[in-house]
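The block underneath contains the structure these notes are about, expressed in structure tokens.
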Amino acid sequence: MSTAIQKPPREARHGVSPMLVRLVTERATGALLRDRGTLYLCDGQVVHAESPAAPGIDVLLTAAGRLRPEGWQEAVDRAGPRGRVGRFLVESGQVGDGELEMCHLAALHDAAFFALAPTSGPTRFRYGVAHWMGPVRPVPAEAVEREAARRRELLEAIWRCPDLDTAPVVRSTRPPDAPLTPRQRAVLALADGVRTPLDIARLLGRPAFHTLVDMRRLAAFGAVESPRAPAPPPDTHAWAARMAAETTTPDVALLRRLRDALEATL
Amino acid sequence: MPGIDECLLEAMLLPGALGAGVADWTSGLALGAIGQAPGGDHEATAAETAELARTAAEHPGFGTHAEGAAGPAATGPPVEDLIITTRTAYHVLCFVETAFDSSVFLHLWLDREEGNLALARLRLRDLAERLVL
């Protein structure tokens, strides 16, 4: 009775990308590189993920003082070349198996959420590449992709404003509509109009997605400013038409982002 | 120092245990699961139960975090566990306290006829503590 979560794909819109399906079928080992992150596969299962948009497991373990930064560095130096940093941390008694698994799964799914974002550009796979972390608790690739899709839906269900994910967090001047939780207050205390949700996540040693969830809830309560009005349903033509009708001056920042995004895909 | 799988296997040794899981109450992530799931789907169970766990963990009426616990080292909600009794079963949700920032809980689904709620609650608390040893 294995505890690995196995299940057929749920719906077409959660569809596993064709490349990932093929890699799973051939039980591939290597790195799946995308615009916003990398998934590391071993025998077709996801063993690690990294994204510039998500704090790494080192941040999660060291930010709150669970692990000394020197302890982490020693593990990387000594066990990195053998690709066994995770095992080293456990065998040297610095973290327990359960802690490592919980922290690593949190970091893995956090990075995978960004790596598998639908806006990402080209996907490449480099065979044979292994991550120096080494296997901790491999996750079926289908489960990783299902989880990323579920997370996107969760954010949209809370408050539809994707710009909140990346914009500097601006506290609202009016009192929030609902009492804030201790975790939300910790997030809000670090909002200075400059830090982004990722900056705050790093400081708190929390997964980025967890901070995005708080950000959407805080925006829904009116505790932080939404960068602009909540986006309408993802009908881009209607949205563009409305923007064109509503704005007399061109949104230079938006146009720049659009241009950069277009150039990135060429 | 048991891992997630060892903890779940031990939870299943409890009399009347039908299924168990470890989930995250902020994201709804299923970190691990074993046995049956109430709706037949461990991932959906984790996501749905996470909502319930979050409501309890953050309910102001159940108390607040330790005073002055604004620092990132402060973990764990004021609630230790949550027990739901249905006509045929018990569900015990037990929060895991970690020395890093997290929002993890154990969920045990227990047959009401065969299960011993007091024993299950104590064993789950013990497992939650050993998970972070």
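Just so you know, all these numbers are worked out from the coordinates, no wet-lab data involved. This structure is a prediction, so every number in the text was calculated from the model and none was measured. Neighbour counts run over all protein chains shown; Cβ positions are idealised from the backbone, glycine included.
Some values worked out for this structure:
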quantity	calculated
Isotropic mean projected area of the C-alpha convex hull, the protein assembly as shown (nm²)	21.4
Those GluC sites (Glu not before Pro) in the range B:81-133 that DSSP places in a loop and that have at most 10 other beta carbons within 10 Å	B:Glu113
Sorted by Cβ density within 10 Å, fewest first, the residues A:Tyr127, A:Tyr40, B:Tyr90	A:Tyr127, B:Tyr90, A:Tyr40
Cα-based shape type of the range A:16-153, given that a ≥ b ≥ c are square roots of the gyration tensor eigenvalues and the cut on a/c is 1.5	prolate
Ranked A:Glu70, A:Glu50, criterion: other C-beta atoms within 10 Å, fewest first	A:Glu70, A:Glu50
log10 of Debye I(q)/I(0), alpha-carbon scatterers only, for chain B at 0.16, 0.19 Å⁻¹	-0.75, -1.06
